[in-house]
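Step one of this worksheet: look at the structure below.
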Amino acid sequence: MLSTEIVTALKVYTATMQNPITFVLQTGEHAKRAELLDFLEHISSVSDNIILEQRDTNGALRSPVSFFIEVNGESTGIEFSGIPSGHEFNSLILAVLWSSGTEMKLDDSIKSMITNIGTELHFEVFISLSCHNCPDVVQGLNQFALLNSHIKTEMLDGGFFPEIIAERDIQGVPSVYLNGELFANGKVEIGDLVNKLIERFPTITKLDHKESLPTQDVTVIGGGPAGVAAAVYSARKGLKVTMVAERFGGQVKDTMGIENLIGTAKTTGPELTGSLKEHMNDYDITFKEHLRVESIEQGRVKKILLSSGETIQSKSVIIATGARWRELNVPGEKENIGNGVAYCPHCDGPFFKGKDVAVIGGGNSGVEAALDLAGIVKSVSVFEFAPELKADKVLIDQAKKRSNITILKNVATKEIHAKNGKVSAIEYQERESGELKTHDLSGVFVQIGLVPNSQFAQGLVELSLYGEVVINDKCETSETGIYACGDVTTVPYKQIVISMGEGSKAALSAFEYLLMNDLLQNNEEPTEAIAA
């Protein structure tokens with residue numbers, strides 16, 4: 001099942017294992033068990049530190065295609081039901097390495113919060129092997145289980161358990177259940193899971209022994225292209241830099257095809273995100289990941305309060321928090337998220353194989369989503385509010401060539417209908433005639449643009465009517481020492497290459513501010529020229 005190249009790579013990775021681990025596979029009969037057994041045998045063959053045992057766990061495991069990872073005779077709390085191949089292969093290998101003692105790259109404050117949970121938590125994560133967002137959730141919860149013996153987490157491949165999928169009416173992944181009740185679904189990050197746990201257990205943010213950072217020269221809020229550019233440019237000036245980000249990569253991480261980043265003919269969002277992280281790691285930048293900024297107190301030295309309860313003091317701030325998917329805000333949308341309403345065609349498209357779906361939005365993201373879905377579903381109807389599509393001509397031309405893509409222009413979505421807990425139709429209005437129509441379908445993918453992530457900045461800096469941070473040509477905001485860049489701002493044209501340029505500009509402006517106001521660390525002369 002595993003190629004020679006993968007086996008060779010696994011031998012390299014597992015050579016660093018500090019302690020042996022055991023795969024404990026439930027005994028019994030299942031059509032896919034032989035395939036899973038072969039899969040685990042191949043993995044265990046790469047290292048003497050990986051042992052495979054077949055055992056009757058007396059109901060501890062769900063089925064004969066379930067296994068858990070054991071260390072020193074004790075379960076780690078990490079379970080897999082199904083074959084964790086595809087996008088989940090990394091989740092399995094990381095679980096092996098972490099269980100054996102490899103350091104988990106979670107922020108210390110997050111580790112402390114998770115360790116402080118004293119309640120028994122059993123997570124079930126329903127995934128699809130084609131979902132590129134699912135591994136983030138699986139890997140995050142696996143780390144939580146290793147940090148806290150009260151936490152148990154199980155990855156379930158929905159294709160192995162259709163009866164559970166049907167029973168719970170799951171139509172989107174990842175779908176996370178906690179102690180048998182829906183906890184989160186759709187695109188979820190480790191930061192989202194942490195925030196939900198903070199809401200449920202607010203006292204975990206009251207941490208003892210917090211190691212406070214020294215006063216920072218620059219704190220960058222946001223980990224997308226703009227934020228990374230700002231952090232790198234700041235670090236190259238020899239400044240003390242911290243980045244705070246709920247999600248490294250931002251919206252770029254969800255983009256499958258990127259062909260307009262000058263100098264890079266073609267790449268993908270995950271590949272670019274990896275390159276951004278690698279570049280940032282070349283510099284001495286403190287990275288506080290999976291945490292959000294709750295508030296900023298203005299002053300000569302700003303006080304930044306994080307969701308962990310920590311406070312960072314910083315002489316300047318660069319806001320680069322990007323944007324998130326815009327919602328339709330029509331009846332039936334929020335009520336049916338995960339039951340036919342989705343925002344990620346890559347993740348949830350396979351659930352609608354052979355069915356009729358709609359894409360709301362005729363911009364680049366909408367038409368790209370329609371093209372992606374066209375190869376999976378029976379038909380795609382693109383609903384565009386404006387009289388004409390806003391997507392690039394090359395995308396529109398491709399969509400017109402697909403026989404199962406229909407484009408409806410100058411229409412307004414009014415309501416999403418559901419029957420028996422699942423989306424059944426969309427109601428829309430012909431804007432010119434005012435006529436209301438209903439279109440039967442099984443899924444609605446919303447692709448109508450982005451909303452700036454500027455909630456924490458309300459009352460701190462001037463925002464536009466649309467919630468964007470208002471900036472001038474030097475990325476300065478209405479408040480001294482606070483800068484902003486990228487999609488969260490009023491800068492026109494939300495593009496990766498523009499965000500990178502704006503992030504660089506914001507860093508240069510912040511450096512100039514620190515220099516001119518004698519705020520550089522220890523009042524030392526800068527090591528590089530301002531224009532470097």
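The values are calculated or read from the model by the stated rules, or taken from the named source; none is laboratory data. The structure presented is a predicted model; accordingly, all values stated were derived computationally and were not measured. Neighbour counts run over all protein chains shown; Cβ positions are idealised from the backbone, glycine included. Ligands, DNA and RNA are stripped out before the accessible areas are found, and what is left, the full protein with its side chains, is counted by its heavy atoms. Shrake-Rupley method; radii C 1.70, N 1.55, O 1.52, S 1.80 Å.
What strands (runs of 3 or more DSSP E) completely inside region 425-471 contain at least 3 residues that are open to solvent by less than 80 Å² (accessible area, probe 1.4 Å) and of a type in the set (A, V, I, L, M, F, W, C)? Walk me through it before giving the result.
On the way: elements: 436-440, 443-446, 450-452.
In region 425-471, the matching strands (runs of 3 or more DSSP E) lie at 443-446.
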statement: Checking Leu261, Leu291 in turn, the sole residue that is at pLDDT below 95, within 18 Å of Val194 (Cα to Cα), among the aliphatic types (A, V, I, L, M) and surrounded by 15 or more Cβ atoms within 10 Å (Cβ to Cβ) turns out to be Leu291
task: Find all pairs meeting these conditions: Cβ atoms under 6 angstrom apart; at least six residues apart or on different chains; first residue within region 186-206 and more than 16 Å from Arg247 (Cβ to Cβ); second residue open to solvent by 60 Å² or more (accessible area, probe 1.4 Å).
output: Ile204/Asn116
- prompt: Taking region 3-46, which residues are surrounded by 12 or more Cβ atoms within 10 Å (Cβ to Cβ) and acidic (Asp, Glu)?
  reply: Glu35, Asp38, Glu41
- line: Just one listed residue, out of Glu384, Glu388, is of a type in the set (Asp, Glu), over 19 Å from Asn336 (Cβ atoms) and either open to solvent by less than 40 Å² (accessible area, probe 1.4 Å) or touching a Lys or Arg at 6+ places or on another chain (Cβ under 6 Å) (or both), and it is Glu384
task: With the condition kept exactly as written, say whether any residue in region 269-284 is among the small types (Gly, Ala, Ser), modelled with pLDDT of 95 or more and crowded, with 24+ Cβ neighbours inside 10 Å.
output: no
message: Where the second residue is among the hydrophobic types (A, V, I, L, M, F, W, C) and open to solvent by 70 Å² or more (accessible area, probe 1.4 Å) and the first is free of Cβ contacts under 8 Å to residues at least 12 places away in the same chain and within 16 Å of Phe68 (Cβ to Cβ) and lies in region 28-42, which pairs have Cβ atoms under 9 Å and are six or more apart or on separate chains?
response: none
message: Given the criterion in contact (Cβ under 8 Å) with a residue 24 or more places away in the chain, assigned to a helix (DSSP H, G or I) and touching a strand residue (DSSP E or B) at 6+ places or on another chain (Cβ under 8 Å), identify the matching residue among Gln251, Gln313.
response: Gln251
Qualifying residue in region 161-184 (condition: in contact with a strand residue (DSSP E or B) (Cβ under 9 Å, 6 or more places away or on another chain) and farther than 30 Å from His30 by Cα): no
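Table: residues versus (1) part of a helix (DSSP H, G or I); (2) over 23 Å from the mean Cα position of the chain (by Cα); (3) closer than 30 Å to Leu25 by Cβ.
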site: Met155; (1), (2), (3): no, no, yes
site: Leu193; (1), (2), (3): yes, no, yes
site: Glu199; (1), (2), (3): yes, no, no
site: Thr203; (1), (2), (3): yes, yes, no
- prompt: What number of residues in region 427-465 are among the small types (Gly, Ala, Ser) and within 24 Å of the chain's Cα centre (by Cα)?
  reply: 4
- prompt: If you check Ala510, Ala412, which single one turns out to be in contact with a Phe, Trp or Tyr (Cβ under 7 Å, 6 or more places away or on another chain), in a strand (DSSP E or B) and hydrophobic (A, V, I, L, M, F, W, C)?
  reply: Ala412
task: Output the qualifying pairs, or none if there are none: Cβ atoms under 8 angstrom, residues six or more apart or on different chains, first residue in region 230-241 and farther than 11 Å from Ser504 by Cα, second residue hydroxyl-bearing (Ser, Thr, Tyr) and surrounded by 22 or more Cβ atoms within 10 Å (Cβ to Cβ).
output: Val241/Thr219; Val241/Ser234
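From the set of residues in region 158-209 that are of a type in the set (Ser, Thr, Tyr) and open to solvent by 10 Å² or more (accessible area, probe 1.4 Å), which is modelled with the highest pLDDT? Give the derivation first.
First, pick out the residues of region 158-209 that are of a type in the set (Ser, Thr, Tyr): 175, 177, 203, 205.
Next cut, open to solvent by 10 Å² or more (accessible area, probe 1.4 Å) only: 177, 203, 205.
Working: Tyr177: 97, Thr203: 89, Thr205: 84.
The extreme case among them is Tyr177.
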query: Do we have any residue at all in region 152-166 that's farther than 24 Å from Ile69 by Cα, aromatic (Phe, Trp, Tyr) and touching a residue at least 60 places away in the same chain (Cβ under 8 Å)?
result: no
- request: For region 386-439, enumerate the residues that are closer than 20 Å to Ala374 by Cβ and either touching a Pro at 6+ places or on another chain (Cβ under 9 Å) or among the small types (Gly, Ala, Ser) (or both).
  value: Ala391, Ala399, Ser403, Lys409
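Going by the conditions given, is Leu36 modelled with pLDDT of 95 or more and under 14 Å from Phe89 (Cα atoms)?
Working: modelled with pLDDT of 95 or more: yes; under 14 Å from Phe89 (Cα atoms): yes.
Taking the combined requirement at face value, the residue satisfies it.
Here's the yes/no breakdown for (1) of a type outside the set (Gly, Ala, Ser); (2) at pLDDT 95 or above; (3) touching a helix residue (DSSP H, G or I) at 6+ places or on another chain (Cβ under 7 Å):
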residue: Arg402; (1), (2), (3): yes, yes, yes
residue: Ala412; (1), (2), (3): no, yes, no
residue: Lys419; (1), (2), (3): yes, no, no
residue: Tyr428; (1), (2), (3): yes, yes, no
residue: Glu435; (1), (2), (3): yes, yes, no
residue: Asn472; (1), (2), (3): yes, yes, no
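I'm checking my understanding of the structure. Among residues of region 320-358 that are among the charged types (D, E, K, R) and part of a loop (DSSP other than H, G, I, E, B), which one is least open to solvent (accessible area, probe 1.4 Å)?
Filtering region 320-358 down to residues among the charged types (D, E, K, R) leaves 324, 326-327, 333-335, 348, 353, 355-356.
Remaining after also requiring part of a loop (DSSP other than H, G, I, E, B): 326-327, 333, 353, 355.
Working: Arg326: 95, Glu327: 66, Glu333: 1, Lys353: 156, Lys355: 76 Å².
Taking the candidates together, the pick is Glu333.
Here is a list: Ile407, Ile376. Which entry is among the aliphatic types (A, V, I, L, M), out of contact with any Cys (no Cβ under 6 Å at 6 or more places or on another chain) and farther than 27 Å from Lys494 by Cβ?
On the way: Ile407 fails: farther than 27 Å from Lys494 by Cβ.
Only one candidate qualifies: Ile376.
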message: Take Ala399 and tell me if it is assigned to a helix (DSSP H, G or I), under 30 Å from Glu468 (Cβ atoms), touching a residue at least 24 places away in the same chain (Cβ under 8 Å) and open to solvent by less than 50 Å² (accessible area, probe 1.4 Å).
response: yes
